[in-house]
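Reviewing the structure listed below.
The values are calculated or read from the model by the stated rules, or taken from the named source; none is laboratory data. Nothing here was measured: the structure is a model prediction, and the numbers come from that model. Because the Cβ atoms are built from the backbone with ideal geometry, glycine has one as well, and the counts that use them run over all protein chains shown. Quick note on the areas: whole protein, heavy atoms, side chains included, nothing else; ligands and nucleic acids left out. Shrake-Rupley method; radii C 1.70, N 1.55, O 1.52, S 1.80 Å.
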Amino acid sequence: MAVQLNKTFICARLKSIYDGWNNASLNDEFGSIADSDALLLLSGDPAAEDEPIRKGTAFQTWLLGYEFPSTFLLFEKDKLHILCSASKAKFLQQIKDGNPPVPIEIHIQAKAKEPPTDALPKFIEAYSTHKRVATLVKESYTGKLIGEWDQGIASASNKPEQVDMAPAISTLMAVKDEDELKIMRTAANLTSTLLIHHIVVKLETILDKEAKITHEQFASQIELRIGTGDGEGAKGPDMKVWSKGRGLNDIDWASTEFCYTPIIQSRSTSTGYDLRSTAESSTDPIAHKGVFLIAVGMRYKGYCVNLGRSIIVDPSKEQEQIYNLLVSLQSDLVREMKGGMTAREVYQRALEYVKEKKPQLEKNFVKSVGSGIGVEFRDSAYLLSAKNARQLKTGMVFNLSLGFSDLVDESGKKYALHLVDTVRVGADKSTFLTEGVKSPKDTLFFLNNEEDEDDKPTKSTKAPPVKPLANGSPVKNKTVGGKVLRNKTRSAAQDEVLMTTAAKIKEHQTDLHANLQSEGLAKYSEEGGGNGEKEGKGWKRFQSYKGEGALPKEVEGLRVFVDRKAQTIILPMHGFAVPFHINTIKNVSKNDEGDFTYLRINFQTPGQLAGKKDDTPFEDPDSTFVRSVTYRSLDGHRFDQVSKQITDLKKEVNKREQQKKELADVIEQDVLVEIKGRRPHKLPEVFVRPALDGKRLPGEVEVHQNGLRYQSPMGSQKIDVLFSNIKHLFFQPCDKELLVIVHVHLKAPIMIGKKKAHDIQFFREASDVQFDETGNRKRKHRYGDEDEIEMEQQERKRRQMLNKEFKLFAERVAEAASTSTGDTLEVDIPFRELSFEGVPFRTNVRLQPTTECLVHLVDPPFLVVTLNEIEIASLERVQFTLKQFDLVLIFKDFTKTPLHINSIPSAQLDDVKNWLDSVDIPLSEGPVNLNWGPIMKTINESPYDFFQQGGWSFLGGGGAESDADEESDTESEFEADPEDLVSEESSNEESAYDGSDASDDSGSASFDDESDDGDDWDELERKAAKSDSKRVEGKSRGDSDDSDDDRPKKKKPAAKPKANGKGKR
């Protein structure tokens, strides 16, 4: 495809060059070209990949939008000369049509085997007529054209004086326009997303597992995230990482690259810490403690962005203080940096801040705090140092690089700290383009004292879902035990816990909703409009015949004819046979009037209110359309046939399009590379779901070099799953289940048989029915239940062996996948303690959270919802009088249909809310179901307007507020009956003594203690312990009939007074 230059864009930049040159004086920033007669920009052969971009190449890219090797530009006051080859001249010719500020003359060089032209001599002649020419004197070039140029200049009679124009070029490129800033924001989003969602996560995994990996290997794995290779062997970008970023939906990955290989340094780096961007990741293994320096820079469409962070494991007090100083210094500088300041003033401000806060660190502070960045990674003309007097202007972008080097820790070892971000200068302050992993809580890892001997770093926020596991429910974990009861009345203790939990959830949810609103505005502000369902629609071209010769012979009779092969209906019109493709026809109708039969054919036209077809695109909606055609005939039988043929063809085409749409996301996997040199790890005697054709027999799963292979018993059928297509890997043990499962959730579906599958599951039944449970020889020697006890023990051992075997296999799969792809794939295990029941499809099932997902894996259809893809959760039908409520999960991809999980027992409302809050999902509550179809359609039309008008605030905010309202409503409703009120509170809290006879005494907080005729404290303690043991040992919540805690909460207060013979009166 021919390169299309942006003529308007190029001419505007040419004008800025000539304006700066014509208005230049010796004292301003264009002083280097003020008294020059011409400007010369040379270009030779392309530079090697590992070489930094030259200023001349950067200037050429800034001006023309592309790099043109072996192309010379000579700017004269009244003309622009361009010397290039014939192929480049075709592209550069476009500039002439864009109204350039001066005439353009293109000198075309001859091809290699053609006789030479006079292009170069003419260009040299134009150059030689000047006395003083500005050029990039410090740059040298290579190539055939450069050699001929040097020879021509050597033989020229007049040789102009050359001066350096690098400072003037830096000034031209320093201030970024809106188009450049948009590209740089995208580059910044790419860099920030890579840091937050891959580099830091991967580093945490390395530290947690104490993995042995070198700095260089880690850096190489980071580079693989944007894809590698070309052609058939190419590997695309890792969308598991990039999908988590904002505004990264339509990235041109071919224009995305790293400015340099990512730099990873730790205390084990043999060359020591180096804060320069030219540092390299060493081949030494990464240390698992101390200071880690990360630096990553990305280039998008020619524009660079840089980011650097310091991670400290087990920091000392001094290291904490120095890092906090860096963070506060950066915040202060960004507030102070604005248009009109000089580079020298920025550095002096930073140095004074360090002197004021920690004067002893002045000698360790960097000699410059950054430089200009854009097409050039480092523009030395805008170095933020003590000697540079250049002025900052609004719209400039800087790589703000703060750091301290040659610091010494408590053990006497040297270390360094840095904090690097890309910032844009504004009129009154600067703003960050890059972000993430900056606050001390994200960058300082403290070792757990109990595990010092293991030396494993931990973070308090590492695995939020595990927090409430201690007793199955976050609320119950805080209320069991008798110590609280001895200090306060029971209702007061419960009220305190209830208020504390509700306050924490409310505060956290308020923060989550605020973040959701700000992120939504930031995400869609640049896009400025909807990116919803209409975006992908376009005019679909279709063709019935290539010419008249392709028409079938039947058209000669000028009768209505249905050509199934061409999917066309040919209609006679004014003596001509006119073909209409079936896609142009909406429907056909037939009716009889007297002796005549009428056949009416309706066409697709704009403006029809036809449900889903109302947004059908047209190539030119303003054209004149035929809405319908009607034919009359005495042969009703023939029109019956024609009507049936057209209707059948329409149904057939619609069915085919529907099938094509369903299979649109199915991918064709690469070839599985079988492992060589050893036998693959196998898991034998397992069944697979979805099942293969034929008799149901167990097969085996093998782990190969780049994927899994399941083979049927006879080897006749197989399923290959590549590691690169695995999104999640689950292991579900057979504890309290009939199956032990290894479940694979795919990034993109694959075809198994004739059906597409998002999930593949390998399982084995846990119960063994192959032994004789009737009387045998042991019966002669045993009496009682000895044999049943032995069978239970054997069953327990068998389940333990199954769990061990399947878990080991899952871990081997995860290890092989991580090695093959460079991504960390971890085995996810469902938390049964956090499970709840609901109806995601048609049947009531048990839904179990994992670290990253919400899953149901026991029976198909399976459910796997990735938590970080959820935008917000809406709790519906939350009413005091209802026994069930619904949960609706809205995804960050607004084009996805929200997931409805219906009929969740109201007894599990608190558990669901606590779990959602613990995994940082914003939630809301409402008493009724919402119609999400129209809501999502409105949001998709313009997400930016939606967030401008308050976003998700229409759902009711932080969720916990409705809790408080509901609580107050409940209290006011039962004010006339304090006994029932306190009893209801007791059941809602699910305290340790819930369900015991003491529930009647819970109202005694407002009476004298002498009127309490219930159990004493010791008896309550004993019953509380017994209730706890029942809850731990029971199969699950709701499975035990003996546990009062498992009964519906709202029935308890009403049932208790009757049982004890106490009435309200």
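Kindly provide the set of residues from region 617-650 that are among the acidic types (Asp, Glu) and either within 51 Å of the chain's Cα centre (by Cα) or surrounded by 13 or more Cβ atoms within 10 Å (Cβ to Cβ) (or both), ordered by number.
Hits for region 617-650 are Glu619, Asp620, Asp622, Asp640, Asp648.
Please determine whether any residue of region 457-479 is at pLDDT 50 or above, touching a helix residue (DSSP H, G or I) at 6+ places or on another chain (Cβ under 9 Å), more than 24 Å from Glu29 (Cβ to Cβ) and not polar (S, T, N, Q). Reasoning before the result, please.
Residues of region 457-479 at pLDDT 50 or above: none.
No; the residues of region 457-479 include none that is at pLDDT 50 or above, touching a helix residue (DSSP H, G or I) at 6+ places or on another chain (Cβ under 9 Å), more than 24 Å from Glu29 (Cβ to Cβ) and not polar (S, T, N, Q).
How many residues, within region 323-343, are surrounded by 20 or more Cβ atoms within 10 Å (Cβ to Cβ) and over 33 Å from the mean Cα position of the chain (by Cα)?
1
Going through region 367-377 one residue at a time, which ones are surrounded by fewer than 20 Cβ atoms within 10 Å (Cβ to Cβ) and either within 18 Å of Lys176 (Cβ to Cβ) or of a type outside the set (Ser, Thr, Tyr) (or both)?
Lys367
Looking at Asp314, is it surrounded by fewer than 18 Cβ atoms within 10 Å (Cβ to Cβ) and within 27 Å of Tyr66 (Cβ to Cβ)?
no
Which of the residues belonging to region 1-59 are among the hydrophobic types (A, V, I, L, M, F, W, C), within 21 Å of Ser85 (Cα to Cα) and not in a helix (DSSP H, G or I)?
Across region 1-59, the qualifying residues are Met1, Ala2, Val3, Leu5, Leu39, Leu40, Leu41, Leu42, Ala47.
Closer than 16 Å to Ser953 by Cα and at pLDDT below 95: is that true of Ser918 in this structure?
It is false that Ser918 is closer than 16 Å to Ser953 by Cα and at pLDDT below 95.
Suppose the filter is in contact with a helix residue (DSSP H, G or I) (Cβ under 6 Å, 6 or more places away or on another chain) and open to solvent by less than 70 Å² (accessible area, probe 1.4 Å); does Ile33 pass it? Don't jump to the end; show me each part of the working.
Values: in contact with a helix residue (DSSP H, G or I) (Cβ under 6 Å, 6 or more places away or on another chain): yes; open to solvent by less than 70 Å² (accessible area, probe 1.4 Å): yes.
Considered against the rule, which asks whether it is in contact with a helix residue (DSSP H, G or I) (Cβ under 6 Å, 6 or more places away or on another chain) and open to solvent by less than 70 Å² (accessible area, probe 1.4 Å), Ile33 comes out as yes.
What are the residue pairs meeting all of these: first residue in region 670-685, first residue in the same structural domain as Glu702 (by the TED database), second residue part of a strand (DSSP E or B) and of a type in the set (Asp, Glu), Cβ atoms under 6 Å, and 6 or more apart or on different chains?
Close Cβ pairs satisfying both conditions: Leu672/Asp720; Pro680/Glu702; Lys682/Glu700; Lys682/Glu702; Pro684/Glu700.
Which of the numbered conditions does Lys212 fail, given that it passes all the others? Conditions: (1) open to solvent by 20 Å² or more (accessible area, probe 1.4 Å); (2) closer than 27 Å to Ile264 by Cβ; (3) part of a helix (DSSP H, G or I).
Failed condition: (3).
How about region 215-240: which of its residues are open to solvent by 10 Å² or more (accessible area, probe 1.4 Å) and among the hydrophobic types (A, V, I, L, M, F, W, C)?
Matches in region 215-240: Leu224, Ile226, Ala234, Met239.
Suppose the filter is open to solvent by 50 Å² or more (accessible area, probe 1.4 Å), modelled with pLDDT under 85 and over 30 Å from Ile585 (Cα atoms); does Glu668 pass it?
It is true that Glu668 is open to solvent by 50 Å² or more (accessible area, probe 1.4 Å), modelled with pLDDT under 85 and over 30 Å from Ile585 (Cα atoms).
Assess whether Ala24 counts as being outside the structural domain of Ala279 (by the TED database) and within 30 Å of Pro262 (Cα to Cα). Full working, then the answer.
Numbers: outside the structural domain of Ala279 (by the TED database): yes; within 30 Å of Pro262 (Cα to Cα): no.
When the stated conditions are applied, Ala24 does not pass them.
What are the residues in region 103-143 that are within 14 Å of Phe75 (Cα to Cα) and of a type in the set (A, V, I, L, M), if any?
Selection gives Ile104, Ile106, Ile124, Ala126, Val133, Ala134, Leu136.
Residue by residue through region 809-840, note down the ones that are among the hydrophobic types (A, V, I, L, M, F, W, C) and under 26 Å from the mean Cα position of the chain (by Cα). Let's see the steps before the verdict.
Looking only at region 809-840, we keep the residues that are among the hydrophobic types (A, V, I, L, M, F, W, C), and these are 809-810, 813-814, 816-817, 825, 827, 829, 831, 834, 836, 839.
Answer for region 809-840, where residues must be among the hydrophobic types (A, V, I, L, M, F, W, C) and under 26 Å from the mean Cα position of the chain (by Cα): Ala810, Val813, Ala814, Ala816, Ala817, Leu825, Val827, Ile829, Phe831, Leu834.
Taking region 858-893 as the search range and keeping residues that are aromatic (Phe, Trp, Tyr) and assigned to a strand (DSSP E or B), which one is nearest to the chain's Cα centre (by Cα)?
Applying the filter and picking the extreme gives Phe891.
So which of Val744, Val740 is out of contact with any Phe, Trp or Tyr (no Cβ under 7 Å at 6 or more places or on another chain), within 14 Å of Phe687 (Cα to Cα), open to solvent by less than 40 Å² (accessible area, probe 1.4 Å) and part of a strand (DSSP E or B)?
Exactly one of Val744, Val740 is out of contact with any Phe, Trp or Tyr (no Cβ under 7 Å at 6 or more places or on another chain), within 14 Å of Phe687 (Cα to Cα), open to solvent by less than 40 Å² (accessible area, probe 1.4 Å) and part of a strand (DSSP E or B), namely Val744.
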